[in-house]
Amino acid sequence: MSSPLSERTVDESTEASVAGETPEYTFGQAVDHLTKDYAAAVIVSSLSAADLRQLVKQNVEIGIAVIRGKIVLFTSASKDELRMNPVAQSLLAESSIIIHTHPEGMRTMPSAMDYQMAGSATEYLISADGVYAYNHDGLISNTPLDADYSCRTP
Ligand SMILES: [Zn+2]
């Protein structure tokens, strides 16, 4: 038996986004903001393993923070390690996970400064080698976490 179409669906306006003022970008749009010319921080709507590989191909160190459920990509426009930048530090202090990249052609391992800046919590470095997990005591594992990088061609 068919019911009359009198039942209304839930008022969609009650589900209106509270995400608010901060614009969210697609990965492609975000990358356009991440140059070595000026410091920038952008929120991306999602970040895939393929996107992470693309980040290493940018010619600038990029930090990835997750703040209140939002994925934030940022650069410092500085030649120093990203973690040395005060703005980056304040972003990462709020982040539930700490990740940064070393661009292709740069050292693939965490730097002495990376270890020094890290606390006892695990941080992640994404480089051309893959993903290294480390903390202030050194590498968590001597080989990169390669799960999402295993499809790279020799
Ligand atoms: Zn580094």
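The values are calculated or read from the model by the stated rules, or taken from the named source; none is laboratory data. Note that this is a predicted model, so its numbers are computed, not measured. Every residue, glycine as well, gets a Cβ built from its backbone with ideal geometry; the counts of neighbours run over all protein chains shown.
Considering segment 1-32 alone, what residues qualify as being modelled with pLDDT of 90 or more and either in a helix (DSSP H, G or I) or of a type in the set (Val, Ile, Thr) (or both)? Answer for segment 1-32, where residues must be modelled with pLDDT of 90 or more and either in a helix (DSSP H, G or I) or of a type in the set (Val, Ile, Thr) (or both): 26, 27, 28, 29, 30, 31, 32. Scan segment 80-125 for residues that are under 16 Å from the mean Cα position of the chain (by Cα), of a type in the set (A, V, I, L, M) and within 10 Å of the ligand (Cβ to nearest atom) and the total you get is 2.
Residue count for segment 53-76 under the criterion of being surrounded by 19 or more Cβ atoms within 10 Å (Cβ to Cβ), among the aliphatic types (A, V, I, L, M) and within 10 Å of the chain's Cα centre (by Cα): the result is 7. Assess whether residue 69 counts as being touching a Pro at 6+ places or on another chain (Cβ under 8 Å), more than 14 Å from the ligand (Cβ to nearest atom) and under 22 Å from residue 51 (Cβ atoms). No, not satisfied. Counting only residues that are in a loop (DSSP other than H, G, I, E, B) and closer than 17 Å to residue 88 by Cα, which one in segment 50-77 is modelled with the lowest pLDDT? My answer is 77. Counting only residues that are among the β-branched types (Val, Ile, Thr) and buried (at least 19 other Cβ atoms within 10 Å of the Cβ), which one in segment 33-49 is nearest to residue 91 (Cα to Cα)? It comes out as 42. For residue 144, only one of the following conditions fails: (1) modelled with pLDDT of 85 or more; (2) crowded, with 16+ Cβ neighbours inside 10 Å. What is its number? Only one criterion in (1) modelled with pLDDT of 85 or more; (2) crowded, with 16+ Cβ neighbours inside 10 Å is unmet by residue 144, namely (1).
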